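A short worksheet on the structure shown next.
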């Protein structure tokens, strides 16, 4: 999946010449945390966040004229992390986590065409793990065996079940890795009995 499939489009942006107070008002009106700062043609110049704006306003609470007269350009962050429409969504997620930012402008050349944020990625994760779907959620530790999934799907089909999602995680110990599945159309007890001989350990089933 690519960023273009999950980005917010069109993005809410602000002019570099806008006042800090108008930027704050915009974040409140649009219920957003991050504002790409652009020139008249829509080219990215920097970025500001609701938290940055709040800190600036609070710092200058005793001199409101500074807040009114300061432009976004004067206090924005110029070193901006970005992604493109063709960036894999997991790469965008890695950047957000590694750099502890809440959103990334999506650029085409120097022009802002969208924004991808942590909420969009969390929604995608919920969909990929079928968190809103009915079924039994199973987490287990399994051997690094290429035949495991084939055997699992075969056993689930015997119960007329349907594997809605499957996620794999980093190994918790040498020779094993963790998987989480959402399986519909089966009873928890029957699934546990069926899967137990195939896995190293059932971590959680609900």
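Nothing in this text is a laboratory measurement; each read-out follows from the coordinates by a stated rule. Here the structure is a predicted model, which means the values were calculated and not measured. With ideal geometry, Cβ positions are generated from the backbone for all residues, glycine too; neighbour counts draw on all protein chains shown.
What the table below lists for this structure:
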read-out: Hypothetical label at residue 79: residues of segment 41-65 whose amide nitrogen lies under 17 Å (7 Å Cα-Cβ projection); value: 45-49
read-out: Point-to-point label distance, residue 60-residue 127, nm (Cα→Cβ direction, 7 Å offset); value: 4.1
read-out: Between helix 148-158 and the chain: long-axis angle, C-alpha atoms, 0 to 90°, nearest 10; value: 70
read-out: Stretchable slack from residue 30 to residue 68, in nm (0.36 nm times residue separation minus alpha-carbon distance); value: 11.6 nm
read-out: Alpha-carbon gyration tensor eigenvalues x 5, square-rooted, for segment 145-206, Å; value: 19, 12, 11
read-out: Estimated 222 nm signal from helices in the chain, with DSSP H stretches of n ≥ 4 weighted -39500 (n - 2.57), rounded to 500; value: -9500 deg cm²/dmol
read-out: Using alpha-carbon coordinates, inclination of helix 89-98 to the longest axis of the chain, degrees; value: 70
read-out: Scaled radius of gyration (Cα, divided by 2.2 N^0.38 Å) that the chain gives; value: 1.41
read-out: Relative contact order of segment 129-205, pairs being alpha-carbon contacts under 8 Å that are 6 or more residues apart, as %; value: 47
read-out: 0 to 90° range, to nearest 10: angle between helix 118-128 axis and the chain longest Cα axis; value: 20
